[in-house]
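The numbers here are math on the coordinates, done by the rules we state, and not lab data. Everything numeric in this text was worked out from a predicted model, so none of it was measured. Cβ: placed from backbone, ideal geometry, glycine included. Neighbour counts: every protein chain shown.
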Amino acid sequence: MLQERDFIELDYTGTTEGTVFDTTSMKVAKEHGLPDKGLKPAVVCLGEFGIITALAKELIGKEPGKDYTITLQDAFGKKSAAAIRMVPASAFRRDKVVPQPGMQITVDGQMGTIMTARGGRFMVDFNHPLASRIVSYQVKVNKVLSEPSQKVKVVIEHALGTEIPAVEMDGETARVVLPVDLPKELHGPLEAKAKELCGVSAVTFTKVEKKEEKVEKKSADGKETGTA
């Protein structure tokens, strides 16, 4: 049975009123006209990150390897009148945006949908587009990750928003191999999170070493000489 903080790989497709709004399946995305580039099964930590909280709670107690249909009410929150506000046209001009009703825009870091235009001011709904909607997820939990190195890799990739080359284990110490130098300020928080979730005692960070290419050169007498 799945437990909170389990690391799992899963496939899912989310729908509302028969319309697909999210999926990990390239095939489903193509069929419904959604972006399909780079789609693959999601790897998440239940109750921590990777999928919405409401869905994660429903998966706890479920069995891996089975298909589930999970229906949720208010998974993306309830609509709030306070989240519908009037925004002056000047807020769009500075971003060189020509606002139109129905357009999704970002104002002061908040995403919203323009509802109406009135005398140089725009009514914008900053509620989540799926707020107060009933959503349904088709879910299959493919597997549970058990190796500490796998878990650490997931935590670091989620935090950095990019894939990393590898995580190597030396006893209970995880050695995280990165493509670039990681700022020292991030070492502590990332190590703390990995220790909390992954069952490791320590985490170190190192930049991947590039292999020097061997270049063959010919000497004056025509013989090849190797230089690194």
Nearest-20 debye value, region 77-166 charge dipole, Cβ charges on Lys, Arg, Asp, Glu: 360 debye
Work out how much length Lys37 to Phe49 would gain on full extension: take 0.36 nm times their residue separation and subtract the Cα-Cα distance, in nm to one decimal. 2.1 nm
Per-selection Rg to Rh, region 147-208 - Cα, Kirkwood hydrodynamic radius: 0.90
222 nm mean residue ellipticity, helices alone, for the chain (DSSP H n ≥ 4; -39,500 (n - 2.57); rounded to 500): -5500 deg cm²/dmol
Once both label points are put 7 Å beyond Cα along the C-beta direction, the Glu4-Val98 separation in nm becomes 5.1 nm
Among [x] -0.77, -0.99; [y] -0.88, -1.08; [z] -0.98, -1.12, which is the computed log10 I(q)/I(0) by the Debye sum over Cα atoms at q = 0.13, 0.15 Å⁻¹? [z]
Order the peptides 1-8, 140-147, 180-187 from the highest to the lowest mean number of other Cβ atoms within 10 Å of their residues. 1-8, 140-147, 180-187
Using a simple charge model, +1 on the beta-carbon of Lys and Arg, -1 on the beta-carbon of Asp and Glu, nothing else, what dipole does the chain show about its Cα centre, in debye to the nearest 20? 920 debye
Lys and Arg at +1, Asp and Glu at -1: neighbours of Lys184 with Cβ under 14 Å from its Cβ sum to -2
Can you give the direction-averaged projected area of the convex hull of the alpha-carbon atoms in region 81-125, in nm²? 2.8 nm²
Positive end of the dipole of the chain, charges at C-beta (+1 Lys, Arg; -1 Asp, Glu), about the Cα centre: which of Ser132, Tyr12, Gly199 has its Cα farthest in that direction? Ser132
Could you tell me which residue out of Leu160, Pro148, Pro88 lies farthest along the dipole of the chain toward its positive end? Charges go on the beta carbon: Lys and Arg +1, Asp and Glu -1, centred on the Cα centre. Pro88
How large is Rg/Rh for region 1-91, to two decimals, with Cα atoms and a Kirkwood Rh? 1.06
At 7 Å along the Cα-to-beta-carbon direction for both Thr173 and Asp67, put a label point, then send me their distance in nm to one decimal. 4.8 nm
Using the Kirkwood formula over every pair of different C-alpha atoms, what hydrodynamic radius in Å results for region 123-170? 14.6 Å
